[in-house]
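Each remark here refers to the structure printed beneath this line.
Please treat every number below as a calculation from the coordinates, not as lab data. Given the structure is predicted, the values throughout are model-derived calculations rather than measurements. We place every Cβ from the backbone using ideal geometry, glycine too, and count neighbours over all the protein chains shown.
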Amino acid sequence: MRKKIVAGNWKMNNTFEEGVKLTNEIIELSKNKTDKNVGIILCPPFFFLQKCVELIKNNSQISVGAQNCHSEIKGAFTGEVSATMLKSVGVKYVIIGHSERRSYFKEDNIFLSKKVKQVLATGLFPIYCCGETLPERESGKLFDIIKTQIEGGLFDLSKEDFLKTIIAYEPVWAIGTGVTATSEQAQEMHEFIRKLIIQKYGSDVAGETTILYGGSCNSKNAKELFANKDVDGGLIGGASLKSQDFIDIVNSF
Ligand code: PGA
């Protein structure tokens, strides 16, 4: 049975003190009140990762993820952080290919594929993001775009490595806009992605792959989105910055 997951992508938010407060609140609220079969992943900015790992110590439900890493393991890449460094402070997951990285930092599928491989080679788990823009959806190219992103970023992985990968479908037009994909739009794309995986790796692998939805997912719409058979949880931006909202989403299955 594939894992249900709710991951919080804090993006470039929260000072050290705010991060401590939010993490402690989430730890407290998750105790005895959440289904322990739902995995929680907190993805704060780099500077807070080590502290976050320390705070969640002994909590088997919550893990820590980074929002990005470089494709190389070390060297002259000023300002960058490697998967090895992340692993050395206890990080378990790494978001790769978020649409903000793709658009603001011009990260393409070739570069992202290298990052995914480095993350896996280091023993960490990638959360690989894909998503179409509004013009791409409106022009009817949405399925081609997602296919290219999934194939380009993931489909030269071995079956074994692919099984360690989480996918997040995040329509760009829904991220931070307050406009969520309808339940039907989310299910349609998740089903499409799962079918691509069936064609490439077979139905056993596809059945084990967690596919998250992201894009203005909140405590009000999560239940309807998560009720779809191919939606296995969410990658949450804005609503992950408020502990009660975030935990309400965790409790939306
Ligand atoms: P949002 O962001 O929930 O604020 O729309 C989601 C994401 O970018 O991961």
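Annotations for the structure displayed:
- Sorting the segments 245-252, 71-78, 136-143 by their mean number of nearby beta carbons within 10 angstrom, highest to lowest, gives 245-252, 136-143, 71-78.
- Taking amide H as placed 1.01 Å from N in the peptide plane, the amide H of ILE96 sits under 5 Å from that of ILE127, TYR128, CYS129, each at least 5 places away or on another chain.
- Packing-based ranking, highest mean first, of 114-122, 183-191 given that Cβ atoms within 10 Å are counted: 114-122, 183-191
- If you bin all the Cα-Cα distances of the chain at 5 Å, starting from zero, the percentages per bin are 1, 6, 15, 19, 21, 18, 13, 6, 1, 0.
- Hits among aspartates and glutamates - C-alpha to C-alpha of LYS11 under 13 Å, sequence gap 8 or more where chains match: GLU100
- Gaussian network model of the chain, Cα within-10 Å springs - most flexible of GLN199, GLN149, GLN67: GLN199
- Residue of ILE95, ILE56, ILE211 that the Gaussian network model of the chain assigns the largest fluctuation, springs spanning Cα pairs under 10 Å: ILE56
- Taking amide H as placed 1.01 Å from N in the peptide plane, LYS4 has its amide H under 5 Å from the amide H of GLY39, each at least 5 places away in sequence or on another chain.
- Average projected area [Cα convex hull, the range 127-247], square nanometres: 7.2
- Among ILE110, ILE62, ILE197, the residue with the largest mean-square fluctuation in a Gaussian network model of the chain, with springs joining Cα atoms closer than 10 Å, is ILE110.
- Gyration tensor over the Cα atoms of the range 1-126: the corresponding equivalent ellipsoid has semi-axes (square roots of 5 times the eigenvalues, largest first) of 25, 16, 14 Å.
- Of interest is the spacing of the C-alpha centroids, which for the range 141-190 and the range 202-220 amounts to 9 Å.
- 3J(HN,Hα) along the range 3-11, derived from phi through the Karplus expression 6.51 cos²θ - 1.76 cosθ + 1.60 where θ = phi - 60°, amounts to 7, 8, 9, 10, 10, x, 9, 6, 6 Hz, with x in place of Gly and Pro.
- Note on the range 145-253: Lys pairs 8 or more places apart or on different chains, Cα atoms under 26 Å apart, count 18.
- Which of TYR128, TYR104 has the fewest Cβ neighbours within 10 Å, and the rest in rising order: TYR104, TYR128
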